[in-house]
Structure formats: C-alpha cells, structure tokens
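Heads up, the thing below is written out as structure tokens.
The values are calculated or read from the model by the stated rules, or taken from the named source; none is laboratory data. Since this is a predicted model, take the numbers as computed values, not measurements. Here the Cβ positions follow ideal geometry from the backbone for every residue, glycine too, while neighbour counts run over all protein chains shown. Side chains included, ligands, DNA and RNA excluded: accessible areas come from the protein's heavy atoms. Shrake-Rupley method; radii C 1.70, N 1.55, O 1.52, S 1.80 Å.
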Amino acid sequence: VRAVVPNILAQLEQRMNLSEVDQVVSTVWPIPVYQPRVRVWPQEIAPFHVHLINLKVGDSATDAACDTLMQALQSRHIDVLYDDTDERPGGKFAKADLIGLPWQVIAGPKSIAEGKVEVKKRSTGERHLLSIEDSVRLVTA
C-alpha cells in the first residue's frame, strides 16, 4: 500500500478545514493516547506498524533506501505505510502526525548520504539516526 491514507486525508482537507479533519479522524479512529493535535495508535491495533517517509521522491539514493527498508520490514511481517508522494516535507510530516502510526522512519538525502535514516518512536518522541539495518532491528524489537 503506497500512501493511500494520506491521499484520503488530502481529499478530506480539501472539503474541510484541518480542525474538522482532526475531529473526523478522532471520531472514526478513537485512539487512547492523546495530546493536543497528536495521536498515536497503540502498536497492537495500529493499521500499519511503520510510516516510511521518503523526503525526496525521484532521488535514486532515497528511493533505493526506501525500497531496501520496505523489503526488510515486510520480510519480517511488518506492515508499512510508504509515503512516496511528491509533496513538501512539512506536508508529509503533518499527515504522518495526523495518522499517528507508532513508528516513523524518515529517509532524506542528507541522512542517506551518511548511510542512515531517522527513526522516531511516536509515543515518546524519541529520535534516532541509525543505519538501515539498525533501524529495522529497532522497529521490530
């Protein structure tokens, strides 16, 4: 599944303002962990375990890293929502936060040049800059 949920949210945003979208999402997806404008699915019931965000779609290095991550996570039976939309990073982050999956793995050109990706645990806000192999180990632990 490639960026299906963000496209649905984009359609909702066109029809309503963001606070109304927030209200609809909280009605449709009642999520126990709540902070203002931040929701996190509990790992046990999340529709996807990881939100993989490609910050520069079309860049061969970031595309390859995301493909490697997808394969590694799916081989461990981890459900991944892959955002490969051609949207600005701020929009991708806003939608990712609105969807609220337990983990975000962010692949950008700068971190990929160092052989790393950023991993964010949404429930605590912890961020780590890790190699692809270490990031897979962290989110599957």
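Of all residues in the range 101-141, which are exposed (fewer than 15 other Cβ atoms within 10 Å of the Cβ) and of a type in the set (D, E, K, R)?
The answer is 110, 114, 126, 127, 133, 134, 137.
For the range 69-96, name all the residues that are in a loop (DSSP other than H, G, I, E, B) and not acidic (Asp, Glu).
Scanning the range 69-96 gives 76, 77, 78, 85, 88.
Name the pairs: first residue in the range 85-99 and open to solvent by less than 50 Å² (accessible area, probe 1.4 Å), second residue outside any loop (DSSP other than H, G, I, E, B) and polar (S, T, N, Q), Cβ to Cβ under 6 Å, at least 6 apart or on different chains?
96/104
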